[in-house]
Structures are given as structure tokens and as C-alpha cells.
Amino acid sequence: MIHAAQSANPDWRPFSCEVTPDRDVVRVEPAGEIDMATAPKIEAVLAELRDSGFQQVVLDLKDVTFIDSSGMRAVVKALSEAGADGRTLTVLPGPPQVQRGFDVAGLAPLVFP
């Protein structure tokens with residue numbers, strides 16, 4: 001069975017999220033679309049890492065094919081929480097279509113300083 005988004009977008013792939021600890025830094029690599037259905041999954045992963053005591057997290061958006069406002073909100077919320085707690089969250093840029101969303105929303109300078 002072909003997912004509706006797959007037929008509309010040949011780059012579509014199901015959402016997944018890899019978490020790779022590397023000593024004191026944890027790398028989070030979501031893939032696919034971050035939207036209202038999957039943004040809570042990113043929030044949950046980042047909250048679990050925070051609660052586990054990780055001080056440095058890298059959120060790598062390179063394999064994200066689409067991000068909507070709920071996904072961008074999740075990223076900004078995570079950045080805000082990390083800063084308030086004295087932790088570091090570094091967000092690595094995604095492909096042009098993902099970056100365009102942050103640019104249009106005026107969030108790029110906040111997310112990618």
C-alpha cells in the first residue's frame with residue numbers, strides 16, 4: 001500500500017528517529033517528515049535525553065524531508081528548555097525545503113545562530 005504523501009512526494013519516507021550517544025554528546029537524527037503527528041515523538045526523545053542527564057545534544061535535520069509549524073515549535077521549545085537548564089542543544093540544518101520553513105517563520109537566526 002502506498003501512503004498518500006508518498007504518491008505526492010517522491011522523496012517521502014516514513015518518519016524515524018535515530019539516537020546515537022557519543023561519550024558526552026548525544027546525536028538525534030530524525031528522518032522523514034516532522035509534522036503534527038511526529039513532532040511529539042521528537043519532543044519525547046529530547047525530553048527523555050534531558051531527564052537522563054545528557055548535557056549536550058545535537059539535533060541533525062539533514063534527513064528531514066518536511067517540517068511544519070508544529071515541528072518548528074518543537075525545535076524552538078527544546079532550544080529554550082535547554083538554555084534554561086544550562087544544557088546545550090545544537091541544531092544542524094536540514095535540506096533547503098526544511099530551512100525555507102525556518103527562514104519564512106523568521107526562526108532561522110534563533111535556531112541556527
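Between 0 and 90 degrees, the angle of helix 39-51 with respect to the longest Cα principal axis of the chain falls at about 20 degrees.
If you restrict to DSSP beta bridges whose two residues both lie in the chain, what percentage is antiparallel, to the nearest 5?
Values: 7 of 20 bridges.
Expressed as a percentage, antiparallel bridges in the chain total about 35.
Remark: V104, V57, V111 ranked as V104, V111, V57, counting other beta-carbon atoms within 10 Å and listing the fewest first. By how many degrees, between 0 and 90 and to the nearest 10, does the Cα long axis of helix 69-85 differ from the longest principal axis of the chain? With both axes taken from Cα atoms, the answer is about 10 degrees.
Placing unit charges on the Cβ atoms only, positive for Lys and Arg and negative for Asp and Glu, gives segment 14-111 a dipole magnitude near 180 debye about its Cα centre. Length gained on full extension, V19 to D63, computed as 0.36 nm times the residue gap minus the Cα-Cα distance: 14.5 nm.
Using a Gaussian network model of the chain whose springs link C-alpha atoms within less than 10 Å, name the residue from T65, T88, T20 with the highest mean-square fluctuation. Between T65, T88, T20, it is T20 that shows the largest mean-square fluctuation. Scaled against 2.2 N^0.38 Å for its residue count N, the alpha carbon radius of gyration of the chain is 1.05.
Where a number appears in this text, it was derived from the coordinates with a stated rule and is not lab data. Given the structure is predicted, the values throughout are model-derived calculations rather than measurements. So basically every Cβ, Gly included, is an ideal-geometry build from the backbone, and we count neighbours across all protein chains shown.
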